[in-house]
Amino acid sequence: MTDANMQELVEAAAKAYIYGYPLVYNLNEATAYLRGTKFSFKAPLNTFGYARELAGPETKFVSPNNDTLYLIAVCDVSRGPLVLHVPDTAGRYYVLQFVDAWTNNFAYVGRRATGTDQARFLLTGSAYSGDVPDGMQVVKSPTDIFIIVGRLQVNGAADAPAVHALQDQFMLESLSGVTAVEKFPQPDARVSADLEWWEKFRVLLAAYPPPAADAPFLTLCEKLGLTAAESPFVTPDATMAQVLVAGQKAGQEKIDEIAKGGGGKPVNGWTSALHLFDYNLDSFSLGTIDSPEWKIADRAVAYVTRAVAARAGLWGNHGYEADYLFAWVDADGNTLMGDQKYTLRLDPLPPVDAFWSLTMYNVPDFYLVANSADRYSIGDRTPGLKSDEDGSVTIYMQKESPGADKESNWLPTPDGAFRPILRAYAPQPPLLEGTYVLPAIQKVG
């Protein structure tokens, strides 16, 4: 094999890795949730688990929010539909986001999508054609496995008991009474560690097939042995094994490189993720917007974007549900570092129908990091947040306290490089249309 042919195969393997990365990563995280090895809470299949405290540094998950209490359910409707019951939240913001095996957001239930009244919904697989009980709306999943990621607004520690009471009223039950049996496909244990990822992708690809429009990607996967019924990675061809290892490395490097760049052109150092989750092109159920402005039409671009979104913000919402804005650099274009001091002056404040917050993460893990103030986000619901005389808000980002008179507006930074995210829940038109622009983060001193 010539060097040119080898390089061509490695590039093909890198494309296949990027294509499959969200599927493998997503279901790894879902399995970790079921096992209780990833989150501070867990629950069996087809059952909600509830986070009773806001996410903190103990949460080893990419870019968790520190604004809402989560409720999460890993669901399997292969044995029949589920009935979802949601309570009356009396106007309180919440969203249940439905994520398929490939990380596509295919449905929403919540204040924006369906209101806040008590309701019931029938959750089904794509092939379901049975009866729908009276009064229920249908949510169809493109894959039998999917994750419901719920977020309920919390207005400070004193508000937590009220949110706990609401969490307990979000419930799932089998329509037919059949008990779910966990059956995630398992890779062949004989495959060596350096090809383990590819083996995981092979079995998951067979279990959760992509849409028909992905045929060119499946052709690529077939060339690499990923559509074989029996694992070709147990006793692999030496050259192909070399190609797959190199392709995985190249694919991961590309994902990380694009993720660090934010996936778009920065404005004042901020990159908007407004369209980072627009890679779903095929499955639109309740609460989604099926229109061109919320789709990345080129599938190749969409699937690179999907991998980047999984890496930097797994289970993030579409921009019309929540807008996320990332910053990596200050006003001078220099990397944000924990040994420096910075300010961010918000004037005007982010335009939202729900609420906004600024949350601090380390790099490259994108985790919350312990700090002396035990504060990981700051926003319009932060107790004691001070406004300037003109109504603007100045946030102080630094490792040590900026002084007693400014601590109400202090967001502590970690050691080393950091990345804040501004979240705007239920964004208003100026954010959706791009006319609201965040100011640059200013280095102090």
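What follows is calculated from the coordinates using simple rules that are stated; it is not laboratory data. If you're wondering where the values come from, they're calculated on a predicted model, not measured in any experiment. So basically every Cβ, Gly included, is an ideal-geometry build from the backbone, and we count neighbours across all protein chains shown.
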For region 235-302 and region 89-126, distance of Cα centres in Å: 24 Å
Computed over region 302-445, the ratio Rg/Rh where both radii use C-alpha atoms and Rh is Kirkwood: 0.95
Residue-by-residue Karplus 3J(HN,Hα) for region 180-195, coefficients 6.51, -1.76, 1.60, Hz, glycine and proline x: 6, 10, 5, 8, 4, x, 10, x, 5, 5, 7, 6, 5, 4, 6, 10
Built amide H within the under 5 Å cut-off of Asn46, gap 5+: Val74, Cys75, Asp76
Solvent-free Debye scattering, log10 I(q)/I(0), computed from the Cα coordinates of the chain at q = 0.09, 0.14 Å⁻¹: -0.60, -1.37
Helix-only mean residue ellipticity at 222 nm for the chain, each DSSP H run of n ≥ 4 adding -39500 (n - 2.57), per residue, nearest 500: -8000 deg cm²/dmol
Point-to-point label distance, Asn334-Gln428, nm (Cα→Cβ direction, 7 Å offset): 3.6 nm
Amide H partners (placed H, <5 Å) of Gly150, local residues excluded: Leu71, Ile72, Ala73, Gln97
Relative contact order, percent, the chain [alpha-carbon distance under 8 Å, six or more residues apart]: 18 percent
All lysines inside 19 Å of Lys223 as judged from Cα atoms, apart from same-chain residues fewer than 8 positions distant: Lys15, Lys200, Lys249
Trypsin sites (Lys or Arg not before Pro) within region 164-252, DSSP loop, no more than 10 other Cβ atoms inside 10 Å: Arg190
Peptides 15-23, 119-127 ordered by average Cβ neighbours within 10 Å, highest first: 15-23, 119-127
Over 32 Å between alpha carbons, listed pairs Lys295/Lys386; Lys42/Lys443; Lys60/Lys295: Lys295/Lys386; Lys42/Lys443
Inter-label distance for Ser291 and Val245, nm, one decimal - labels placed 7 Å from Cα along Cα-to-Cβ: 5.1 nm
Shape call, region 107-202: gyration tensor on alpha carbons, a/c limit 1.5: oblate
Euclidean distance between Cα centres, region 377-418 to region 1-69, Å: 31 Å
Difference of contour (0.36 nm per residue) and Cα-Cα distance, Thr235 to Asp365: 43.4 nm
